[in-house]
Amino acid sequence: MVQIVKTHPKSFYGGVLFIAALLLSNFFIQKMEVTGQVPPILVLATVLDVMIILPVVLFLFVLRRKATLSLLAPLWLLGAGFVHWIVPAYAKEHLQYMNVSIILVEAGFILLELFLLVIFIKNLKTWRNNFKASKHTIPHLLSRISIANQQTFGGYPKLERLIGVIATDVSAIRYVFFPHLDDKLAGEHTFSYHKNSEYFGVFLMFVHAMLIEIIAVHVMLMQYSHTIAWIATLLDFYALVFLIADYQAIRKSPVVIQNNHLHFQKGLRFHMTVPLEKVADVRRYEGEALPGERDSFTLMLAGLEKVPPQFEIRLSEAVEGYRVFGFKRKVMKIFLTVDEPERFLQTLIEARPVSKKDI
């Protein structure tokens, strides 16, 4: 039996070594003061290393993906906490500009969200009508929100994109604090994918770890900066709310075959609607490892062990899916595992004629 092993390019290891060297060198210069008393120019150099050079190397060589605000924001916050930790007390006055910058950026985001909120309130009646009208054709919450956004703000693509960013936040709040607004989908054309997985145990471990982290990080950062400590605590609390909302969305958003469409929503992480006429091939997955293809979507939940999916669905043409904060992605293949595979396969065959040789 041949086991597929995923290897990383040389740039990955080079990037990791560079980041480790960058952090260690700044740690010894600032925290250990191996070069003597720290002058203002070295404080500035450390800030540039941690806040700018490190993210560039991380995304270009280690992660090898486009930087997004949702990843940069917590990275910058962690970087600011690291800088505050290693810079000596007598040199912290040179960090004032960084603290002010963080506050200004945070204030800018708050003002932007308030601006979007005002625009949304002005169009609330139209948006609500579009949202309610899609209930009978679109079963999942995130897809209904996307449709309502397109129909309400479609004439302003940039505005639609910005409002799509906060749609994830709104959905998380709804799932956690107003769970009664969304009933759990059920019926002969719905297929859950979480009951037979190990994800609930993983979810409980994540919640437990985050509760400990929130307290520990807050206590640690309070020793250096009250502002950074409270910002970090708020972000950690948001992450906890997001994690709980994601699990609620998984429970309430099974795979649905309805109105000649396949509807998918993987928690708060991804959602898409696939017309059945664009399903070119449906087959049982026979591989031993899941291929890391950029144009694929995987509807599986993390467990203690990695297992292959049950089915592979190939599309005749790319279909657009939506990730967190409204970012779009073209999908050509779907890998999935459901709790009732035989019933799912039979229902899909009845909804769309499939040759037996494809099964």
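The values are calculated or read from the model by the stated rules, or taken from the named source; none is laboratory data. Keep in mind that what you see is a predicted model, and the values were worked out from it rather than measured. As a convention, Cβ positions derive from the backbone with ideal geometry for all residues, glycine included, and neighbour counts pool all protein chains shown. Each accessible area value is taken on the protein alone, full model and side chains, heavy atoms only, with ligands, DNA and RNA left out. Shrake-Rupley method; radii C 1.70, N 1.55, O 1.52, S 1.80 Å.
Would you mind stating whether Ala209 is among the aliphatic types (A, V, I, L, M), free of Cβ contacts under 8 Å to residues at least 24 places away in the same chain and either out of contact with any Lys or Arg (no Cβ under 7 Å at 6 or more places or on another chain) or under 19 Å from Leu75 (Cα atoms) (or both)?
Working: among the aliphatic types (A, V, I, L, M): yes; free of Cβ contacts under 8 Å to residues at least 24 places away in the same chain: yes; either out of contact with any Lys or Arg (no Cβ under 7 Å at 6 or more places or on another chain) or under 19 Å from Leu75 (Cα atoms) (or both): yes.
It is true that Ala209 is among the aliphatic types (A, V, I, L, M), free of Cβ contacts under 8 Å to residues at least 24 places away in the same chain and either out of contact with any Lys or Arg (no Cβ under 7 Å at 6 or more places or on another chain) or under 19 Å from Leu75 (Cα atoms) (or both).
Of all the listed residues (Asp169, Asp183), the sole one being over 25 Å from Pro275 (Cβ atoms) and within 21 Å of the chain's Cα centre (by Cα) is Asp169.
The rows are residues; the columns are (1) on the phi > 0 side of the Ramachandran plot; (2) at pLDDT below 85.
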{"residue": "Val16", "(1), (2)": "no, no"}
{"residue": "Asn26", "(1), (2)": "no, no"}
{"residue": "Ile29", "(1), (2)": "no, no"}
{"residue": "Gly36", "(1), (2)": "yes, no"}
{"residue": "Ala45", "(1), (2)": "no, no"}
{"residue": "Asp49", "(1), (2)": "no, no"}
{"residue": "Ile52", "(1), (2)": "no, no"}
{"residue": "Val57", "(1), (2)": "no, no"}
{"residue": "Arg64", "(1), (2)": "yes, yes"}
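From the list Ala73, Ala91, the one residue that fits, being among the small types (Gly, Ala, Ser), part of a helix (DSSP H, G or I) and loosely packed, with under 15 Cβ neighbours inside 10 Å, is Ala73.
Scanning the range 227-241 turns up no residue that is under 30 Å from Leu315 (Cβ atoms) and either open to solvent by less than 40 Å² (accessible area, probe 1.4 Å) or touching an Asp or Glu at 6+ places or on another chain (Cβ under 7 Å) (or both). I'm told Arg314 meets every condition in (1) at negative phi; (2) in contact (Cβ under 8 Å) with a residue 40 or more places away in the chain except one. Can you identify the failing condition by its number? The failed condition is (2). Here Met205 meets the list (1) touching a helix residue (DSSP H, G or I) at 6+ places or on another chain (Cβ under 9 Å); (2) open to solvent by 20 Å² or more (accessible area, probe 1.4 Å); (3) in a helix (DSSP H, G or I) almost entirely, failing just condition (1).
Of the residues Phe131, Phe82, Phe59, the single one that is within 25 Å of the chain's Cα centre (by Cα) and closer than 30 Å to Pro275 by Cα is Phe131. Residues of the range 255-280 that are assigned to a loop (DSSP other than H, G, I, E, B), open to solvent by 10 Å² or more (accessible area, probe 1.4 Å) and either at pLDDT 95 or above or touching a Leu at 6+ places or on another chain (Cβ under 8 Å) (or both): Asn260 alone. Would you say Ala249 is surrounded by fewer than 18 Cβ atoms within 10 Å (Cβ to Cβ), in contact (Cβ under 8 Å) with a residue 12 or more places away in the chain and either assigned to a strand (DSSP E or B) or touching a helix residue (DSSP H, G or I) at 6+ places or on another chain (Cβ under 9 Å) (or both)? Against the criterion (surrounded by fewer than 18 Cβ atoms within 10 Å (Cβ to Cβ), in contact (Cβ under 8 Å) with a residue 12 or more places away in the chain and either assigned to a strand (DSSP E or B) or touching a helix residue (DSSP H, G or I) at 6+ places or on another chain (Cβ under 9 Å) (or both)), Ala249 does not qualify. Comparison of Ile138, Ile147, Ile166 shows that the only residue that is without any contact (Cβ under 8 Å) to a residue 24 or more places away in the chain and either surrounded by fewer than 20 Cβ atoms within 10 Å (Cβ to Cβ) or hydrophobic (A, V, I, L, M, F, W, C) (or both) is Ile147. Is it the case that Ala133 is among the small types (Gly, Ala, Ser), touching a residue at least 12 places away in the same chain (Cβ under 8 Å) and either in a helix (DSSP H, G or I) or open to solvent by 90 Å² or more (accessible area, probe 1.4 Å) (or both)? Against the criterion (among the small types (Gly, Ala, Ser), touching a residue at least 12 places away in the same chain (Cβ under 8 Å) and either in a helix (DSSP H, G or I) or open to solvent by 90 Å² or more (accessible area, probe 1.4 Å) (or both)), Ala133 does not qualify.
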